[in-house]
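Reading through the structure tokens given below for one structure.
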Amino acid sequence: MRFVAFIREYSLLLLGGALIGLIWANLSPLNYHHFIESVLADDSIVGQLHEGRRTLTLHYLINDVLMALFFAMAGKEVWEAVALKGGSLRGRKALTPLIATAGGVIGPICVYLLGAMLIGQMTELGRGWAIPTATDIAFSYLVGRLVFGARHPAVAFLLLLAIADDAVGLIILAIFYPTGELQPLWLIFSFAMAGAAWFLFNRLPRLLDGADPAKPRATWARDRLSFWPYVVFGALCWWGFQQAGIHPALGLLPMIPAIPHADTEFGRVKGGQDLLNRMEHALKPFVDVILFFFGLANAGVQLSAMGAATWLVLAGLLIGKPLGIALMGWIAARPLGLGLPEGMRLSDLVVLGCVAAVGFTVALFVAGVAFPSGHEHQDSAKMGALLSFAAALLALAAGRIFKVRKRV
């Protein structure tokens, strides 16, 4: 158990998968890509859309389906921080990470475009300006826990920033890199499914119980139905995100507020946990394994691809993002008077900016859109996204320099 705890604490499965993917792609690139892009089902309802048909590949299964469980767990942390009693990001303080997000987008864009202009390759590389705006929720969250500790308010701050950052990234993709039309009715469908789950299996039983202190219907829904209604409606919610043209890995996020939590709904079971925390605890072992395959499927980039785009993306992430987040976070906390979560210092913003500089998955995705397949700069830009792992070392060093008070 100590060995398993050590592996989970330091995300060794995730890092191991990434290392295997990197080595495999450089030793046998054709074999690697054949495996990762292997077709599991053709003309299915789940998968990547191409010419009116959906194809489910191993890569899609990992990145778009299974990783939704990780993002749901991350979203649960944000939900508790923002909406529940005693949350570190309640009220006006939630505005600070959102304003810091603006800095985490504008800073990398400025650094990238300035660099492209200085080297005289604005025409060739200018389209990649959005690549370093990304923050990888999975890796930045894990690095954040490593630097700050699981209970530090900066972790919830980081999660809200990272999710908002990805939301901005999706808007950027839709406006500046259109690949298809957004389907708003399907997005409404997803939120409607989350709302239906909340009302039918959460709110309605309590309304039917009225003033009855025994709460028989709410207790029956909690104990007999358990998590199954939320699994079914969560799948529909995810499917709606896929159909809407929004990254389906975020498709379970609307379901988080619908699941009973101790602070808002049925209350804790005697001697046990509320449903939301029970579900999180049950998912953790599976998510650890998913993260291994996530690293394996996304880190397969050839080292020979390094070039000008690599350094521009890396500079945008490692320089532009920390500076942007620290500056805009300071403006929000001090001149605007919005403050920071209790227990978080201004110097923590600098460290947090370094943590958020891990672009990886979303940056790889944007690179593939900005520079189409076969473009001479695509692999070079992807290498910059991959090398943003260096932000983890930068964050650890910054944590020591600014004497972060780790909270385990």
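Here are the numbers for this structure:
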item: FRET efficiency, TRP186 to ASP42 (Cβ-Cβ, R0 22 Å, nearest 0.05); result: 0.50
item: For LEU40, residues with placed amide H under 5 Å, excluding near neighbours; result: LEU56, THR57, LEU58
item: Helix 95-118 axis, angle to the chain major axis (alpha carbon atoms, nearest 10°); result: 10
item: Spin-label pair HIS34/SER304, simplified geometry with 7 Å Cα→Cβ offset, distance in nm; result: 1.8
item: GLU124 versus ARG400: modelled label distance in nm, points set 7 Å from Cα along the beta carbon direction; result: 3.8
item: With Cα atoms, 0 to 90° folded angle of helix 346-355 axis to the chain main axis; result: 70
item: LEU58/LEU208 FRET efficiency (R0 45 Å; Cβ-Cβ; nearest 0.05); result: 0.50
item: Most to least packed among 217-225, 343-351 [average Cβ atoms within 10 Å]; result: 343-351, 217-225
item: Selected from ILE175, ILE109, ILE259 as most flexible by GNM, with the chain as the system and alpha-carbon contacts under 10 Å; result: ILE175
item: Burial ranking of peptide ranges 67-78, 281-292 (average Cβ count within 10 Å, highest at the top); result: 67-78, 281-292
item: Hz values of 3J(HN,Hα) by residue in the stretch 275-282 - Karplus curve (6.51, -1.76, 1.60), Gly and Pro given as x; result: 5, 4, 6, 5, 5, 4, 4, 5
item: Three-way shape label, the stretch 290-408, alpha-carbon gyration tensor, a/c 1.5; result: prolate
item: In order through the stretch 382-391: 3J(HN,Hα) via Karplus (6.51 cos²θ - 1.76 cosθ + 1.60), integer Hz, x for Gly, Pro; result: 5, 5, x, 5, 5, 6, 5, 4, 4, 4
item: Gyration tensor verdict on the stretch 28-74 (Cα atoms; rounded if a/c is under 1.5, prolate if a/b is larger than b/c, oblate otherwise); result: oblate
item: 222 nm mean residue ellipticity, helices alone, for the chain (DSSP H n ≥ 4; -39,500 (n - 2.57); rounded to 500); result: -19000 deg cm²/dmol
item: Most mobile of GLY234, GLY126, GLY251 in a GNM of the chain (Cα contacts under 10 Å); result: GLY126
item: Rounded tilt (10° steps) of 153-176 against the dominant C-alpha axis of the chain; result: 60
item: Lys/Arg +1, Asp/Glu -1 at C-beta; the stretch 123-186 dipole; positive extreme among GLN183, PRO132, ILE171; result: PRO132
item: Cα-based Lys proximity count in the chain, under 15 Å, for pairs eight or more positions apart or on separate chains; result: 4
item: Added length on full extension, which subtracts the Cα-Cα distance from 0.36 nm per residue, CYS110 to LEU84; result: 5.7 nm
item: For the chain, built as a Gaussian network whose Cα springs stay under 10 Å, the top-fluctuating residue of SER44, SER388, SER190; result: SER44
item: Stretch gain in nm, segment SER347-ARG92, where the contour uses 0.36 nm per residue and the Cα spacing is subtracted; result: 89.8 nm
item: Extension gain from PHE176 to ALA282, taking 0.36 nm per residue of separation minus the Cα-Cα distance; result: 34.2 nm
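Just so you know, all these numbers are worked out from the coordinates, no wet-lab data involved. What you are looking at is a predicted structure, and each value in this text was computed from that prediction instead of being measured. Here the Cβ is made from the backbone with ideal geometry for all residues, glycine too, and neighbour counts use every protein chain on show.
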